[in-house]
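Comments concern the structure below.
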Amino acid sequence: MKRGPKASRTGTILAASAAVLAATAAYNIYRTRKVEHEHPPTGRFITVDGVRLHYLEKGEGPPVVLIHGNVVTAEDFVLSGVFDRVARNHRVIAFDRPGYGYSERPQGSLWTAIEQADLLQEAFDQLGIERPIVVGHSWGTLVAMELALGQPDAVSGLVLLGGYYQPTVRLDVPLVAPPSIPVIGDVIRYTVAPLMGAALMPLNVKAMFSPLDVPERFKREFPYGFPVRPSQIRAESQDAVTMVPGVIGMAARARDLNIPITIMAGTRDMIVDHEDHAQWFHDQLPGSVLQLVPGAGHMMHYAVPEQVVEAIENVSERATRQPALTGAVMSGA
């Protein structure tokens, strides 16, 4: 049976489309390998429950764990200067969250904040990290909170930077959600998503730091190709999808925490409104300490690294004075 002209044209279009997608995927795989070659891992690896995690470690003393947000990796705390400053008095460990940097994110799970916290707690056990101060930035605050809520006696204090704490409308979620969809999402994240992400990355970075300028060190050393790798795109998409449901009821659960909690936010944050989140969360936790950074945006750890380190030291001192008990929120004095 002969094919008609219309069927032939359709077949040609489909074949051409498949060829374009295949070529685009090959290019994105090549670009991923290139950026990883140019920015090799600088830390160590640990395998936890079959998942390979990459982490940075430095210093001695009471442990402090740093958990980064979306887009960036553990290196974010190095570029801001917080990592080295904390290492002067502490054993500091910064993890690449699953799917970011050089940490794996196996298929078959959305890797919610609870799942990531459970995995990191196992990493703590393997590395001998006992009752650390946990510092979370942006999406990392959800993981920090779940670490404390999951095992209240395993965390001695929290410092939360630019966090998202209550369900609010997020117009960005529908835009970044498609790569998290099985099968279709895999095609998207290997083809069009890296190209679109690379084109939009300068605007995204500018919004992260706005109203302040992007720091020169970040411009020079941040691996801009990392956030648009297919593997990390899936992690970023899944994190965006699970963020809103992840904070439902979190404040009510947090009221029972008996550890010092310091909440920090920039008053000019364009990513997370400080009144709807930092101020609101502080009001829900009467024992917490709130520090607003005037004029700073979402990346306040770049704007005021010394103030962030001072907050960590204050929480560490308060945790030393406060015995680990369960049932009441400690005073923020």
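The values are calculated or read from the model by the stated rules, or taken from the named source; none is laboratory data. In this text the structure is predicted, and so the values were computed from the model without any measurement. Positions of Cβ are backbone-derived with ideal geometry, glycine not excepted, and every protein chain shown enters the neighbour counts.
If you check every pair at least six apart or on different chains, which have Cβ atoms under 7 Å apart with a residue in the stretch 1-25 that is within 27 Å of Val192 (Cβ to Cβ) and in a helix (DSSP H, G or I) first and a residue that is at pLDDT 75 or above and not aliphatic (A, V, I, L, M) second?
Sorted first by the residue in the stretch 1-25, then by its partner, the pairs are Leu21/Thr191; Thr24/Thr191; Ala25/Tyr190; Ala25/Thr191.
Please verify whether Arg189 is out of contact with any Phe, Trp or Tyr (no Cβ under 7 Å at 6 or more places or on another chain), charged (D, E, K, R) and closer than 21 Å to Ser109 by Cα, treating the condition exactly as stated. I'd like the intermediate steps shown before the answer.
Numbers: out of contact with any Phe, Trp or Tyr (no Cβ under 7 Å at 6 or more places or on another chain): yes; charged (D, E, K, R): yes; closer than 21 Å to Ser109 by Cα: yes.
Judged against the criteria, Arg189 is a match.
Return the total of residues in the stretch 86-113 being in a helix (DSSP H, G or I) and in contact with a strand residue (DSSP E or B) (Cβ under 9 Å, 6 or more places away or on another chain). Before the answer, list the steps.
First pass over the stretch 86-113, keeping only residues in a helix (DSSP H, G or I): 86, 113.
Then drop every residue that is not in contact with a strand residue (DSSP E or B) (Cβ under 9 Å, 6 or more places away or on another chain), which leaves 86.
Adding up the residues that qualify gives 1.
Just one of the numbered conditions (1) buried (at least 16 other Cβ atoms within 10 Å of the Cβ); (2) in contact with a Gly (Cβ under 8 Å, 6 or more places away or on another chain) is not true of Phe95; which one?
(2)
Which of the helices (runs of 4 or more DSSP H) found entirely inside the stretch 114-196 contain at least 3 residues meeting this: within 30 Å of Gly61 (Cα to Cα)? Step through it out loud before you land on a result.
On the way: elements: 140-150, 172-176, 184-190.
Hits in the stretch 114-196: 140-150.
Surrounded by 18 or more Cβ atoms within 10 Å (Cβ to Cβ) and basic (Lys, Arg): is that true of Arg33 in this structure?
No; evaluated as a whole, the condition is false for this residue.
Mind checking which pairs have a first residue in the stretch 204-230 that is under 24 Å from Thr32 (Cα atoms) and a second that is in a loop (DSSP other than H, G, I, E, B), Cβ under 6 Å, 6 or more apart or different chains?
Val205/Val214; Met208/His298; Met208/Met299; Pro223/His39; Pro227/Val71
Would you point out which residue out of Val78, Val72 is part of a loop (DSSP other than H, G, I, E, B), under 30 Å from Leu147 (Cα atoms) and not hydroxyl-bearing (Ser, Thr, Tyr)?
Only one candidate passes the filter, namely Val72.
Select the helices (runs of 4 or more DSSP H) contained entirely in the stretch 236-315, then report the ones holding at least 1 residues which are within 25 Å of Gly81 (Cβ to Cβ), touching a residue at least 40 places away in the same chain (Cβ under 8 Å) and in contact with a strand residue (DSSP E or B) (Cβ under 9 Å, 6 or more places away or on another chain). Quick ask: steps written out before the conclusion?
On the way: elements: 250-254, 280-284, 300-303.
Where helices (runs of 4 or more DSSP H) fall fully within the stretch 236-315 and carry at least 1 residues being within 25 Å of Gly81 (Cβ to Cβ), touching a residue at least 40 places away in the same chain (Cβ under 8 Å) and in contact with a strand residue (DSSP E or B) (Cβ under 9 Å, 6 or more places away or on another chain), they are 300-303.
Residue by residue, here is whether (1) among the hydrophobic types (A, V, I, L, M, F, W, C); (2) out of contact with any helix residue (DSSP H, G or I) (no Cβ under 8 Å at 6 or more places or on another chain); (3) crowded, with 20+ Cβ neighbours inside 10 Å holds:
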{"position": "Arg234", "(1), (2), (3)": "no, no, yes"}
{"position": "Gly246", "(1), (2), (3)": "no, no, yes"}
{"position": "Gly249", "(1), (2), (3)": "no, yes, no"}
{"position": "Arg255", "(1), (2), (3)": "no, no, no"}
{"position": "Met264", "(1), (2), (3)": "yes, no, yes"}
{"position": "Ala303", "(1), (2), (3)": "yes, yes, yes"}
{"position": "Glu313", "(1), (2), (3)": "no, yes, no"}
{"position": "Arg321", "(1), (2), (3)": "no, yes, no"}
